[in-house]
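To keep things clear, I will list the structure first and then write my remarks on it.
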Protein chains: 2
Amino acid sequence: MHFTVGVIGLGLIGGSMALDLKRRGFANKVLGVENDSVAAQAAQTIGLVDEVVSYEDCVARADIVVVAVPVGTAVKMVPDILDRFAAGGHAPSGAFARTGSQSDAEEGVCPSVAKEQIVIDVCSTKEQICNATKYHPLRKQFVSTHPMAGTEYSGPWAAQPGLFDGRACIFANAEESAPKAVKVIEELYGVLNMRPIYMNAASHDVHTAYVSHISHVTSFALALTVLDKEKDEKHIFDLASGGFSSTVRLAKSNADMWVPILTQNHDNVLHVMDTYIEKMQQFREAVANYDEARIRELIQEANRIKKIIR
Amino acid sequence: MHFTVGVIGLGLIGGSMALDLKRRGFANKVLGVENDSVAAQAAQTIGLVDEVVSYEDCVARADIVVVAVPVGTAVKMVPDILDRFAAGGHAPSGAFARTGSQSDAEEGVCPSVAKEQIVIDVCSTKEQICNATKYHPLRKQFVSTHPMAGTEYSGPWAAQPGLFDGRACIFANAEESAPKAVKVIEELYGVLNMRPIYMNAASHDVHTAYVSHISHVTSFALALTVLDKEKDEKHIFDLASGGFSSTVRLAKSNADMWVPILTQNHDNVLHVMDTYIEKMQQFREAVANYDEARIRELIQEANRIKKIIR
């Protein structure tokens, strides 16, 4: 392999990816782009990337560009990167030639200028970014993915080796990408030990609203509730058991990342929130009425999650 | 020390307590009481207790009786145990004589029959159990505690060494117990490496509604929401990230334990649920209106939990 990988956004996801792609030999060089100068300095000091470069430089030099910025920015950045690919300027590192076949044109990678470059995004919502690139002439050089891993921390300081091991990675609308490009990115995630799952972008956004986005909203609401009422922070600190800590953990998540996710996945998130509020109301009614049978019923229904999660 | 400790209810809490009190030398003998015959057999096979005995036998023989049953049962059981203490029948094991002073009467432990026995409960709500025992003639031999530790699993199989290490243990209305009895129970929790916190029962129930009970309700509601919508369980399994798993973890909790907690702490829980639903509605409105500034504000407010939890 030995690709030159350019990572734009050296936060938790971009940074962790940079780390393992280099350590595990997928990348022989990792270029990093980071707007925040403190974070950029840190990423270099920690050793996440070989070089911090400009956006233009990264897009020009990398075989694979990984867009790891908040999804609001990514939606504009990916088409721009494809434009830059089209405008040429890439000096191929030769990595593709070593692993791929010679029949790029047949397999659908744009055979003209910058023929071998690939851009991927790693964002948590997929429909808008897929829509924004759908009719781009170089759409086939874009692979839209969502590696489902993370922690509640952010920034290059939060990057960690092995973050992705054993988790699922969604490939959204993979049929819109060149098969060869998909294959390369499958290899990339294979090196990160991720299980690929193929899904259309719309389904992805429905499912993640349920199994990821709503969890964040419920945690934010929990933190707000407790902070609102427990003026004495010492009590929260003293009394918080493991249960509370794990339920509220996601409330530490970063606004820059979550504001665009919640607005981009607006319809699905709203729908799930409404269902959730309805369930809370049912629970509230049962408690208000001291209806032990109904509370038991709701708890036992909820307990079914045991069969699915671990 | 070398007390004979009787544990009634060999589940997660009772079983873990039995395990460490014996291993760490606080108890030279642990008697266990367990209604469920399979659980009783398991507790003996696993080695949680030295002997499984009858309730009557346990109350008669133990220096310290630990009531580790759901709080609905405990509210009736603790007064009954105090009645049995009053009726006599305890053959002191001599453990108190070795560690305590001779002046039991001065220090307030009932000096008559069964003079040295102590009963404690370990339940998650404190007001009802303290009210139910308030005027009992042997109230001073009861110490009401809440060791704030646990997992979402239940039964003797869930018991584990070290479960309590480093966590907080509430002593509720400790002034209603004999100082000597409190001292012995402080030693017991000291052996379990717990930090004692003293609080009146009513405050305890308010605070735990915020930092524990609501977390369980929000997890139950989350599980119900996801199970309701994601008919295809394979998707939940595939897509559930670490975030969802940790947020929904408490939804595995046992109905036998949680139904009485939610009804006993009815007023506080209802109040917190109403605040929580209000916060969810605020969040819903912000998302519905694509109000990015407001979503950001709510998230950043929620982020303050970072300063308190780890």
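The values are calculated or read from the model by the stated rules, or taken from the named source; none is laboratory data. No experiment lies behind these values; they were computed from the predicted model shown. Using ideal geometry, Cβ is built from the backbone for each residue, glycine included, and neighbour counts are taken over all protein chains shown. Side chains are part of the model used for accessible areas, which takes the heavy atoms of the whole protein and leaves out ligands, DNA and RNA. Shrake-Rupley method; radii C 1.70, N 1.55, O 1.52, S 1.80 Å.
Listed values, structure above:
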| read-out | value |
| --- | --- |
| Condition check for B:Tyr210: at the interface with chain A (Cβ under 7 Å from one of its Cβ atoms), aromatic (Phe, Trp, Tyr) and over 24 Å from A:Glu297 (Cβ atoms) | yes |
| Any chance A:Asp238 is among the acidic types (Asp, Glu), crowded, with 24+ Cβ neighbours inside 10 Å and either in contact with a helix residue (DSSP H, G or I) (Cβ under 9 Å, 6 or more places away or on another chain) or facing another protein chain (nearest Cβ under 8 Å) (or both) | no |
| For A:Gln300: the one exception among (1) more than 7 Å from chain B (Cβ to nearest Cβ); (2) among the polar types (S, T, N, Q); (3) open to solvent by 30 Å² or more (accessible area, probe 1.4 Å) | (1) |
| So A:Asp63, is it farther than 14 Å from A:Cys123 by Cα, among the charged types (D, E, K, R) and crowded, with 21+ Cβ neighbours inside 10 Å | yes |
| Any pair with Cβ under 7 angstrom, 6 or more apart, that starts in the stretch B:181-192 at a residue that is at pLDDT 95 or above and ends at one that is open to solvent by less than 40 Å² (accessible area, probe 1.4 Å) and small (Gly, Ala, Ser) | B:Val182/B:Ala174 |
| The stretch A:244-259, residues that are more than 7 Å from every other protein chain (Cβ to nearest Cβ) and either open to solvent by 40 Å² or more (accessible area, probe 1.4 Å) or on the phi > 0 side of the Ramachandran plot (or both) | A:Asn254, A:Asp256, A:Met257 |
| Residues of the stretch B:264-280 classified as within 7 Å of chain A (Cβ to nearest Cβ) and either under 17 Å from B:Cys130 (Cα atoms) or not basic (Lys, Arg) (or both), total | 9 |
| Failed item, numbered, when B:Leu262 is tested on (1) modelled with pLDDT of 95 or more; (2) surrounded by fewer than 21 Cβ atoms within 10 Å (Cβ to Cβ); (3) touching a His at 6+ places or on another chain (Cβ under 8 Å) | (2) |
| Complete set of residues in the stretch A:148-184 that are open to solvent by 20 Å² or more (accessible area, probe 1.4 Å) and basic (Lys, Arg) | A:Arg167, A:Lys183 |
| Matching entry among B:Gly190, B:Gly162, B:Gly166 (being within 11 Å of chain A (Cβ to nearest Cβ) and out of contact with any His (no Cβ under 8 Å at 6 or more places or on another chain)) | B:Gly166 |
| Test: residue in the stretch B:228-243 that is at negative phi and touching a residue at least 12 places away in the same chain (Cβ under 8 Å) | no |
| Listing of helices (runs of 4 or more DSSP H) fully contained in the stretch B:174-286 that carry 1 or more residues being of a type in the set (Phe, Trp, Tyr) and within 30 Å of A:Cys169 (Cα to Cα) | B:214-229, B:233-239, B:242-248 |
| Test: residue in the stretch B:291-310 that is within 18 Å of A:Thr263 (Cα to Cα), in a helix (DSSP H, G or I), of a type in the set (Gly, Ala, Ser) and touching an Asp or Glu at 6+ places or on another chain (Cβ under 9 Å) | no |
| Residue, nearest to B:Glu278 (Cα to Cα), within the stretch A:281-297, restricted to residues that are open to solvent by less than 20 Å² (accessible area, probe 1.4 Å) and at the interface with chain B (Cβ under 7 Å from one of its Cβ atoms) | A:Phe283 |
| The stretch A:125-158 - residue that is part of a loop (DSSP other than H, G, I, E, B) and at pLDDT 95 or above and, of those, farthest from A:Arg249 (Cα to Cα) | A:Pro137 |
| Flag for A:Lys229 being closer than 17 Å to B:Ile277 by Cβ and open to solvent by 20 Å² or more (accessible area, probe 1.4 Å) | yes |
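Table: residues versus (1) modelled with pLDDT under 95; (2) crowded, with 24+ Cβ neighbours inside 10 Å; (3) touching a helix residue (DSSP H, G or I) at 6+ places or on another chain (Cβ under 8 Å).
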{"residue": "B:Met1", "(1), (2), (3)": "yes, no, yes"}
{"residue": "B:Val5", "(1), (2), (3)": "no, yes, yes"}
{"residue": "B:Ile8", "(1), (2), (3)": "no, yes, yes"}
{"residue": "B:Ile13", "(1), (2), (3)": "no, yes, no"}
{"residue": "B:Met17", "(1), (2), (3)": "no, yes, no"}
{"residue": "B:Asp20", "(1), (2), (3)": "no, no, yes"}
{"residue": "B:Arg23", "(1), (2), (3)": "no, no, no"}
{"residue": "B:Ala27", "(1), (2), (3)": "no, yes, yes"}
{"residue": "B:Gly32", "(1), (2), (3)": "no, yes, yes"}
